[in-house]
Amino acid sequence: MAGSAKMLQIRQDVTDARLAPLTVPAGGAWATEARSAAVARVQAMGLPHGRDEYWKFTKPDSFLSPDIAPAAAFDTDEAPLWADMDRLKIVFVDGVFDAGASDDLSLEGMEIERLADVTAKDIHWAKDLFGVLETNSHNAVPRPFAALNTAFASDGVVIRVTGKVSKPVNLIYLHKSEVSDAILHSCIKVEEGAEMTLLETGAAAARLNKVLEVEICDHASFHHVRVQGRDHERRAVTGIFTRLGTESTFKSFTLTMNGVMTRNECVIELTGDDANATIGGACVGDGKDFHHDDTVFITHDAVNCESRQVFKKVLRNGATGVFQGKILVKPDAQKTDGYQISQALLLDDDSQFLAKPELEIYADDVACSHGSTTGAIDEEALFYLQSRGVPKAEATALLVLAFLAEALEEIENPALAEGILERLEGWFVRHAA
Amino acid sequence: MLEIKDLHVKLEEEDKQILKGVNLTVEAGKVHAIMGPNGSGKSTLSYVLSGKGGYEVTGGSATLEGVELLDMEAEERAAAGLFLAFQYPVEIPGVGNMTFLRTAVNAQRKARGEAEMSAGEFLKVVREKAKSLKIDAEMLKRPVNVGFSGGEKKRNEILQMAMLEPKMCILDETDSGLDVDAMKLVADGVNALRADGRAFLVITHYQRLLDHIKPDVVHIMADGRIVKTGGPELALEVENNGYADILAEVA
């Protein structure tokens, strides 16, 4: 058997094995059609293989297996994040909506529904969004885990934002079962001129596959802050798929601490003129099992749009960080302003950072800059702090937080940023040298 | 206060002896100056005393009020009362000057088993001391030394010294890169801190700084040793005749 044919067969077998125990959820005609199409997409693409270019730095194996590795829920006595902030809380336990623990799904300026209720209906506006942005994303690179998500997700939220909503919606993902394998899919449409802030917090499950599709209409804004659960053994593959209209704004920040395996993909399409997209992330990893991957693909397909990618990682004791970021500027996307920076601070020689920044530009009046650095802690600065009486561990934490500060500055709301900072400070206390 | 006995130091990475038997005693309340040509080991002495890495002590001792400094971590030496004003203060992007000062003050207090300073109390004290050094609120907010001029960096060193109230202050070429006015400002800051329970070791190339910070004792260092000790007149001799005569005399 030729090499490529053999590879094809392996991919087919792995895909079949993964799909075998899964069942397409029952629903209305439109949803069933969308899900069947998604199953067909997964089968056509096949699940990733370690030799695929897009999965070169991150082994997909733990997401391929039909069985999952158990992951204990991490007990912590820290105060809940943003406890004093007025939020609409929507709780999922191991990937299943918990009505009792959630607030009423009603908030002025938006309609909130549960995915299961939406897909049960014969007709719903979400038909034009559910799986649609995910499908578009494969034009550049296949993302089979996202298609698998569309096919089999039975829970999540569907939100239509019609006004400027001041109170954030917080999706809280609790992880209780050691063997939970959750698939969550949410769709958000921010109508013309509307605004919302979405918060996502928690580990969700032992293994999580999560997709968020966000349609941002003209003059609309979407702010997003995510804190991925600190459970040490959890695994997550996530995808954010967004499309921006004229003069719209997308701003997303993710904090990742702990977890053995995290792959966060984000696919952004700037389709209206003068739109602005920012994606940022901070990640702190401790231990050789820790692997964190940020994979971003931004397409500029309109005039005078701006995009920013700011990713910072702090790695120690053999942890691995990955960044794959691409900016594609289409021929008509003149006056594009693209910025990309990915930086890692390695606290020892055993940790590693693998980066693949890419620019593909077909327009001629464009400003795109990108940079990627890997470095150690500044010994001069460390000694300076110690010489003033600051103990080494505390001085290190101060320098590391200073390193991460640039990414945290991408968070719009200072109160949200404050919560993120407290979480990081707590992490450094727990992980003091 | 500070007692250095037969201190021998080499570079950690290469077989190069820098200090070859330094003997020096600085009494409480006094200002000692160390002068000497380039490469004589002045800065190395200041780094070794404050605990910088990269050096290996091959012999001798250095005690502060009878306690051996050389066994301690840099932060422990600071808490014990040692302070080094850097020749080249380090820029730390992302760390606010105020946060840095407060962290340092409280870390030392904690190490000594004292109560930490409240935010309000700290702010009051720092504003007062900053004012006398002509350090404005903007400089306190900015990241540590980032974008500071040469003079601002040195004033910031003196502000740290004023906040930390050390017993033994080492000033490593604090006059380098300063114009006359800036030097006077820095010297005034240092003089304001002179006290019975505090001693200074001023390392400099030039007599000029010693016009403003009047030393009680002047040492000449050459080739890793103190080769001559005298009164303030020794600094004037160096200014007028250079080091050649003195070195020839002790050779």
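Being open to solvent by 10 Å² or more (accessible area, probe 1.4 Å), outside any loop (DSSP other than H, G, I, E, B) and either at pLDDT below 90 or on the phi < 0 side of the Ramachandran plot (or both) is a condition met by at least one residue of segment B:193-202. Across segment A:46-80, what is the total count of residues that are surrounded by 12 or more Cβ atoms within 10 Å (Cβ to Cβ) and part of a helix (DSSP H, G or I)? Going through segment A:46-80 one residue at a time, the tally reaches 6.
Just give me the residues in segment A:100-118 being buried (at least 18 other Cβ atoms within 10 Å of the Cβ) and in contact with a Ser or Thr (Cβ under 8 Å, 6 or more places away or on another chain), in sequence order. Correct list: A:MET110, A:ILE112, A:LEU115, A:ALA116. Regarding A:LYS210, is this residue open to solvent by less than 20 Å² (accessible area, probe 1.4 Å) and among the basic types (Lys, Arg)? Here the answer is yes, as A:LYS210 does meet what is asked. Counting only residues that are outside any helix (DSSP H, G or I) and in contact with a Leu (Cβ under 9 Å, 6 or more places away or on another chain), segment B:35-52 holds 5 of them. Taking (1) charged (D, E, K, R); (2) crowded, with 21+ Cβ neighbours inside 10 Å; (3) within 14 Å of chain A (Cβ to nearest Cβ) in turn, B:GLU173 satisfies each apart from (3). Among the residues of segment B:211-248, which ones are aliphatic (A, V, I, L, M) and under 18 Å from B:GLU27 (Cα atoms)? The answer is B:ILE213, B:VAL217, B:VAL218, B:ILE220, B:ILE226. Taking first residues from segment A:361-381 that are of a type in the set (Phe, Trp, Tyr) and partners that are open to solvent by less than 70 Å² (accessible area, probe 1.4 Å) and not in a strand (DSSP E or B), the Cβ contacts under 9 Å between residues at least 6 apart in sequence or on separate chains come to A:TYR362/A:ALA333.
Look at segment B:96-122: where a residue is free of Cβ contacts under 8 Å to residues at least 40 places away in the same chain and a partner is among the basic types (Lys, Arg) and surrounded by fewer than 16 Cβ atoms within 10 Å (Cβ to Cβ), sitting 6+ places away or on another chain with Cβ atoms under 8 Å, you get B:GLU116/B:LYS110. Residue count for segment A:81-99, restricted to those that are part of a loop (DSSP other than H, G, I, E, B) and surrounded by 12 or more Cβ atoms within 10 Å (Cβ to Cβ): 7. The numbered conditions (1) within 12 Å of chain A (Cβ to nearest Cβ); (2) closer than 26 Å to B:GLY39 by Cα; (3) among the hydrophobic types (A, V, I, L, M, F, W, C); (4) open to solvent by less than 10 Å² (accessible area, probe 1.4 Å) are all true for B:LEU69 except (1). Only residues that are open to solvent by 70 Å² or more (accessible area, probe 1.4 Å) and either touching a helix residue (DSSP H, G or I) at 6+ places or on another chain (Cβ under 6 Å) or in contact (Cβ under 8 Å) with a residue 24 or more places away in the chain (or both) were counted across segment B:134-152, and they come to 2. When the helices (runs of 4 or more DSSP H) confined to segment A:315-433 are screened for residues that are surrounded by fewer than 18 Cβ atoms within 10 Å (Cβ to Cβ) and among the hydrophobic types (A, V, I, L, M, F, W, C), those reaching at least 3 such residues are found at A:414-430. Restricting attention to segment A:286-310, the residues that are more than 20 Å from the chain's Cα centre (by Cα), open to solvent by 10 Å² or more (accessible area, probe 1.4 Å) and closer than 22 Å to A:HIS138 by Cβ add up to 1. Residues being within 30 Å of A:ASP16 (Cβ to Cβ), open to solvent by 20 Å² or more (accessible area, probe 1.4 Å) and not aromatic (Phe, Trp, Tyr) are entirely absent from segment A:158-166. Between A:VAL214, A:VAL227, the distinction of being under 28 Å from A:ALA69 (Cα atoms), part of a strand (DSSP E or B) and of a type in the set (Val, Ile, Thr) belongs to A:VAL227 only. Restricting attention to segment A:246-258, which residues are open to solvent by 10 Å² or more (accessible area, probe 1.4 Å) and either touching a Ser or Thr at 6+ places or on another chain (Cβ under 8 Å) or among the hydrophobic types (A, V, I, L, M, F, W, C) (or both)? Hits for segment A:246-258 are A:THR249, A:LYS251.
Comparison of A:GLY27, A:GLY46 shows that the only residue that is small (Gly, Ala, Ser) and over 30 Å from A:VAL322 (Cβ atoms) is A:GLY27. For segment A:187-207, a residue qualifies if it is open to solvent by 10 Å² or more (accessible area, probe 1.4 Å), assigned to a strand (DSSP E or B), farther than 19 Å from A:THR262 by Cα and in contact (Cβ under 8 Å) with a residue 40 or more places away in the chain, and the qualifying residues are A:LYS189, A:THR197. Looking across segment A:359-395 at every residue that is of a type in the set (Gly, Ala, Ser) and within 12 Å of another protein chain (Cβ to nearest Cβ), the one that is nearest to A:GLN334 (Cα to Cα) is identified as A:ALA381. Checking the structure you have, find out if any residue of segment A:32-45 is of a type in the set (Asp, Glu), outside any helix (DSSP H, G or I) and surrounded by fewer than 18 Cβ atoms within 10 Å (Cβ to Cβ). No: segment A:32-45 contains no residue that is of a type in the set (Asp, Glu), outside any helix (DSSP H, G or I) and surrounded by fewer than 18 Cβ atoms within 10 Å (Cβ to Cβ). B:SER50 meets all of the listed conditions (1) of a type in the set (Gly, Ala, Ser); (2) within 19 Å of B:HIS8 (Cβ to Cβ); (3) within 12 Å of another protein chain (Cβ to nearest Cβ); (4) open to solvent by 10 Å² or more (accessible area, probe 1.4 Å) but one, namely (4).
Report the residue count in segment B:53-63 for those that are at negative phi and either part of a helix (DSSP H, G or I) or within 14 Å of another protein chain (Cβ to nearest Cβ) (or both). Residues flagged as at negative phi and either part of a helix (DSSP H, G or I) or within 14 Å of another protein chain (Cβ to nearest Cβ) (or both) within segment B:53-63 amount to 2.
If the condition is being outside any helix (DSSP H, G or I) and open to solvent by 80 Å² or more (accessible area, probe 1.4 Å), then segment B:230-251 contributes only B:ALA251.
Look at segment B:81-94: where a residue is facing another protein chain (nearest Cβ under 7 Å) and a partner is surrounded by 19 or more Cβ atoms within 10 Å (Cβ to Cβ) and part of a strand (DSSP E or B), sitting 6+ places away or on another chain with Cβ atoms under 6 Å, you get B:LEU84/B:ILE170; B:ILE92/B:VAL144.
Checked against (1) within 14 Å of another protein chain (Cβ to nearest Cβ); (2) in contact with a helix residue (DSSP H, G or I) (Cβ under 8 Å, 6 or more places away or on another chain); (3) in contact (Cβ under 8 Å) with a residue 24 or more places away in the chain, A:LEU398 passes all but a single condition, namely (3).
The values are calculated or read from the model by the stated rules, or taken from the named source; none is laboratory data. In this text the structure is predicted, and so the values were computed from the model without any measurement. As a convention, Cβ positions derive from the backbone with ideal geometry for all residues, glycine included, and neighbour counts pool all protein chains shown. Remember, those area values only see protein heavy atoms, side chains included, never the ligands or the DNA or RNA. Shrake-Rupley method; radii C 1.70, N 1.55, O 1.52, S 1.80 Å.
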